[in-house]
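Have a look at the structure below, then the notes.
Please treat every number below as a calculation from the coordinates, not as lab data. In this text the structure is predicted, and so the values were computed from the model without any measurement. Cβ sites come from the backbone with ideal geometry, for glycine too, and all protein chains shown count toward neighbours.
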Amino acid sequence: ATTEIYTLSLHDALPIWQSGGHDEREQTLNQLLVEMDGFTSTDNVILIAATNRPDVLDNALLRPGRFDRQITIDKPDIRGREGILAIHTRNTPLAQDVDISILAKSTPGFSGADLANLVNEAALLAARNSKELITAEDFEQARDKVMMGPERKSLFLSEKQKKLTAYHEAGHVLVAANTDGADPIHKVTIIPRGRSLGLTAYLPIEDRYTQSRQYLLAMITYALGGRVAEELMFNEITTGAANDIERATDLARRMVRQWGMSDRLGPINYGDSHKEVFLGKDYSHVREYSEETAMQIDNEVRTIIMGCMEDAKKILTDKKELLHRLAETLIEKETLNADEITAIIGTTPL
Ligand code: ZN
C-alpha cells in the first residue's frame, strides 16, 4: 500500500482562532478533529502540520491518534543554513566565487525565510545588472538588504542631520569595539535604510542559544552608544535613539523580570507583561508581587540602564579623538565595512 502524506499549516487557522468569536474557533477546531478522526488505523496517511504558536493549540489536537508527535524547529544552525541555502540555490546559476558554506557562516540568526529572501534578492540584483550568474558580491549586497532594510538614497539629509547620524552610528561602533563580549560590527552606514537614518549592523560570531549576563550588558551599552555620542558632541539629544532605547529597556527588563539577573531581586520570575498581552490574556491579570517589589523592579531596570550608559560615556569620552575620526570618515564615505572600521579605530572587538 502507498502512504499518503498531507501537510497543513495550522498557522493559517490561527488568526480566526484568535480574533474570531468563540463559535468560529470551535467550528474550525471541530472540523479539523472530525476530519482527522475519519482515518482508520489501517489508512496509510501521515498528516504533518506546522504552527509557530504551539502555545495556543487546543489540547484535543495533541492527543494520541491526532497530532501525537511534536518536533520543535528552532532557527537553523550553521549546518541547517547550509542545507537550506543548498535547496534554495538548486536552480540558481551561481558564479564560481559563491561558497554556500561561507554564506551559511555569515548569516547567523537568519531564519529559513530570511535565507530564501537572501537568495531571491541576490538573484534580483544579478538580473538587474544583466548578469547571467549570481556572484558573491550580489549575495553580500543582498545580505545587507535583508539585515538592514533597503537603501533609501532619495531621502535628502541636511548636513547637520548627516553629521548627527554619523556621530550617532560612530558611537555605536566605538562602544561595541571597546566592550567585552559585544558582537563584532559588520558594517556601519549613514545611508538611510528602511525606517532609520543610519545603521550599525553587527554579526554574532556564532549561533547563540543562551546569552550571558555580560553579553546582555554589552548589548545594552552598545545600544546606548548612539545617544551618548549625540549628547557628548552636540550637547543635545534627538528622537533618533528611540529604537535603541526601546531595545535597551526591553533587555534590562527581561534581565530583571525573567532571567533572574538582578542581585537584589534574585532568580524569581516576575512575569513577562508583553507576552501576556500578546496572547490575549486578561490585561488586568492579578500581579503576583507587591507594590514594593514593582518599585524595586523599576529601580533595578534603571540601575542597569544607567550603569551601561555610564560605561558608554566613559568609553566615548576616553576615545573622543577616534569618535571624531570615525564620524568624519563616515560622512565622507557613507558606508564602512569591518576592515575599514578596524583600520580607523585600530582595535578589533573580542
Ligand atoms: Zn542607534
Taking 0.36 nm per residue of sequence separation and subtracting the Cα-Cα distance, how much length would be gained by fully extending the chain between A116 and M295, in nm to one decimal? 59.9 nm
Suppose every Lys and Arg Cβ carries +1 and every Asp and Glu Cβ carries -1, with no other charges. What dipole size does the stretch 43-116 come out with about its Cα centre, to the nearest 20 debye? 100
So between E310 and T238, what do we pick up on full extension, going 0.36 nm a residue minus the alpha carbon distance? 24.0 nm
With a ≥ b ≥ c the root eigenvalues of the C-alpha gyration tensor of the stretch 125-179, is it rounded (a/c under 1.5), prolate (a/b larger than b/c) or oblate? oblate
Determine, from the Cβ-Cβ distance of D318 and R90 and an R0 of 41 Å, the FRET efficiency 1/(1 + (r/R0)^6), rounded to the nearest 0.05. 0.20
Separation of the D55 and S130 label points, Cα + 7 Å toward Cβ, nm: 5.3
Cβ charges +1 (Lys, Arg) and -1 (Asp, Glu), total dipole of the stretch 95-174, debye: 440
Be a star and scan the stretch 227-255 for residues whose amide nitrogen sits under 19 Å from the point 7 Å along the Cα-to-Cβ vector of S158. 230-231, 233-241
What's the FRET efficiency of Q141 with D250 using the Cβ-Cβ distance as r and R₀ = 30 Å, to the nearest 0.05? 0.50
Percent breakdown of C-alpha pair distances by 20 Å bin, ordered from the shortest bin, for the chain: 23, 48, 26, 3
For the stretch 199-259, what relative contact order do you get, as a whole percent, if you take Cα pairs closer than 8 Å and at least 6 residues apart? 34
Over the stretch 153-267, what is the mean sequence separation of C-alpha contacts under 8 Å (at least six apart), divided by residue count, expressed as relative contact order in percent? 25
For a 24 Å ceiling on Cα separation, which of these pairs sit above it: K163/K320; K75/K131; K153/K314; K105/K162? K75/K131; K153/K314; K105/K162
Ignoring trypsin sites (Lys or Arg not before Pro) buried by more than 10 other Cβ within 10 Å or outside DSSP loops, the longest site-free run in the chain is 282-350
Each label sits 7 Å from Cα toward the beta-carbon; between I268 and L62 the label points are separated, in nm, by 2.9
Report the Cα centroid-to-centroid distance between the stretch 220-269 and the stretch 131-185 in angstrom, as an integer. 21
When the helices in the chain are scored as -39500 (n - 2.57) per DSSP H run of 4 or longer and the sum is shared across all residues, what 222 nm value do you end up with, to the nearest 500 deg cm²/dmol? -17000 deg cm²/dmol
Which is the longest stretch in the chain that no exposed loop site breaks, taking sites as GluC sites (Glu not before Pro) with a DSSP loop state and at most 13 other Cβ atoms within 10 Å? 1-131
Along the chain, longest interval not containing exposed chymotrypsin sites (Phe, Trp or Tyr not before Pro), exposed being DSSP loop plus at most 11 other Cβ atoms within 10 Å: 1-155
